[in-house]
Amino acid sequence: MASRSLLKTFFFWIGIGFISFVFLKVVLIKKNPPTGVAYSGFQTLVDNGDIVSANIYVESDSARVDALLRSSQKYVETTISSAELPDLTRRLRDRGASVSIRESRTLDWAMLVLMAVPLILLIGFCLFLARRVQSSARRAQATEEAKSRTGIGYDLHRLEEGRPLIVGGIELTFDKGPVGHSDGDVLAHALCDALLGAAGLGDIGTHFPDTDPQWKGANSLLFLEHAKKLLADKNFAIVHVDAVVIIEKPKLGPHFPKMREALAKALGVSSDKIHLKAKTNEGVDAIGRGEAIAAHVVATLSLR
Ligand SMILES: [Zn+2]
């Protein structure tokens, strides 16, 4: 994209350069009007060799002469009859002046129009290029959006006394812990569901049924490690994970760094991709009464 915008800038300034050139040309034509002189006076200038160059604009039966003076570097203008033209041309050339004969002054405008053609083409090309850059940027954005997937995960476990409280792969000191087939890690389970959901791979129950004895009391980080492999098989990369764990007690915040590290390690990502938050339920319902723990997770994946 950087090279495209550089190209756009380049063509923009080329366009500005052309506009300035044409503008200056018009202004210069208008700001340096030649001084009118009588033909007799003009002849004297010719004979004195004071004419550097002359533009002769031939009209139906007369001709207008614009000439640059050697002495003052200014232009003078005179009108002659067509009959006098051959003689004047010869005398000018004899004295070393360059002579240019044109059909009429309108040719200047024709030249200007001619000069404007490349400018118009250039502006058209720049507009075309800008539109192409814009549409390809839109396409790239659409592709990028198609590559990005989001999944949501939720889990809740009842808490019972005498069981270990494991959240985010970390065991916390507490008198209650989740009831579950595995270790009952709500955060790992919700995270697993969010990842599988984003990848369109079903849910945790599909891959790790709680009827399967091999998952009894299992460390839930194993589920995440397996989910990581499933995502890799489908060319998904984890962009970001945001989670909220709801439990009345104990406070989870101080344990977040360790949890993030454990989850990140299981998923093979850096811990800055995992964001954790904790909430209480303000004493309301089962969670509020300390009878359950729950987690919500949103995960974003990208297709590699
Ligand atoms: Zn669970």
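Within segment 283-297, does at least one residue satisfy the condition of being in a loop (DSSP other than H, G, I, E, B) and either among the hydroxyl-bearing types (Ser, Thr, Tyr) or not assigned by TED's automatic domain parsing to the domain that holds Asp203 (or both)? Taking every residue of segment 283-297 in turn, none turns out to be in a loop (DSSP other than H, G, I, E, B) and either among the hydroxyl-bearing types (Ser, Thr, Tyr) or not assigned by TED's automatic domain parsing to the domain that holds Asp203 (or both). Per the listing Ile152, Ile238, the residue uniquely over 20 Å from Ala294 (Cβ atoms) and touching a strand residue (DSSP E or B) at 6+ places or on another chain (Cβ under 9 Å) is Ile238. Is it the case that segment 29-41 has a residue that's in a strand (DSSP E or B) and at pLDDT 80 or above? Yes, segment 29-41 has at least one match.
Restricting Gly253, Gly290, Gly217 to those that are under 23 Å from Gly162 (Cα atoms), without any contact (Cβ under 8 Å) to a residue 40 or more places away in the chain, away from the ligand (no atom under 15 Å from the Cβ) and among the small types (Gly, Ala, Ser) reduces the list to Gly253. Among the residues of segment 247-304, the one identified as at positive phi and either crowded, with 18+ Cβ neighbours inside 10 Å or under 34 Å from the mean Cα position of the chain (by Cα) (or both) is Gly268. Would you say Thr143 is free of Cβ contacts under 8 Å to residues at least 12 places away in the same chain and farther than 18 Å from Ser220 by Cα? Criteria met by Thr143. Can you tell which of Leu187, Leu191, Leu165 is within 14 Å of the ligand (Cβ to nearest atom) and more than 21 Å from Gly268 (Cβ to Cβ)? Result of the check over Leu187, Leu191, Leu165: Leu165. Would you confirm, using the coordinates I've provided, whether Phe208 is among the aromatic types (Phe, Trp, Tyr), at pLDDT 95 or above and assigned by TED's automatic domain parsing to the domain that holds Lys265? Judged against the criteria, Phe208 is not a match. Among the residues making up segment 144-160, those that are in contact with a helix residue (DSSP H, G or I) (Cβ under 6 Å, 6 or more places away or on another chain) and under 17 Å from Leu201 (Cβ atoms) are Arg149, Thr150, Gly151, Ile152, Gly153, Tyr154, Asp155. For segment 33-52, state whether one or more residues are touching a Pro at 6+ places or on another chain (Cβ under 8 Å), surrounded by 12 or more Cβ atoms within 10 Å (Cβ to Cβ) and either touching a residue at least 12 places away in the same chain (Cβ under 8 Å) or not assigned by TED's automatic domain parsing to the domain that holds Ala116 (or both). Checked segment 33-52: no residue is touching a Pro at 6+ places or on another chain (Cβ under 8 Å), surrounded by 12 or more Cβ atoms within 10 Å (Cβ to Cβ) and either touching a residue at least 12 places away in the same chain (Cβ under 8 Å) or not assigned by TED's automatic domain parsing to the domain that holds Ala116 (or both). Counting the residues of segment 73-90 that are of a type in the set (A, V, I, L, M, F, W, C) and in a helix (DSSP H, G or I) gives 3.
A single entry from Gly197, Gly180 fulfils the requirement of being crowded, with 21+ Cβ neighbours inside 10 Å and away from the ligand (no atom under 14 Å from the Cβ): Gly197. Of the residues making up segment 132-162, those that are more than 10 Å from the ligand (Cβ to nearest atom), more than 24 Å from Ala199 (Cα to Cα) and not acidic (Asp, Glu) are Arg132, Val133, Gln134, Ser135, Ser136, Ala137, Arg138, Arg158, Leu159, Gly162.
A quick yes/no check of all residues on (1) under 28 Å from Asp50 (Cβ atoms); (2) at pLDDT 90 or above:
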| position | (1), (2) |
| --- | --- |
| Val76 | yes, yes |
| Ser82 | yes, no |
| Leu85 | yes, no |
| Ser100 | yes, no |
| Glu103 | yes, no |
| Met111 | yes, no |
| Leu129 | no, no |
| Ile152 | no, yes |
| Arg158 | no, yes |
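Here the condition is being farther than 30 Å from Val58 by Cα and out of contact with any Phe, Trp or Tyr (no Cβ under 9 Å at 6 or more places or on another chain); of Phe125, Phe174, it holds for Phe174 alone.
The values are calculated or read from the model by the stated rules, or taken from the named source; none is laboratory data. None of the values given here were measured: they were computed from a predicted structure. In this analysis, Cβ positions are derived from the backbone assuming ideal geometry, glycine residues included, and neighbour counts consider all displayed protein chains.
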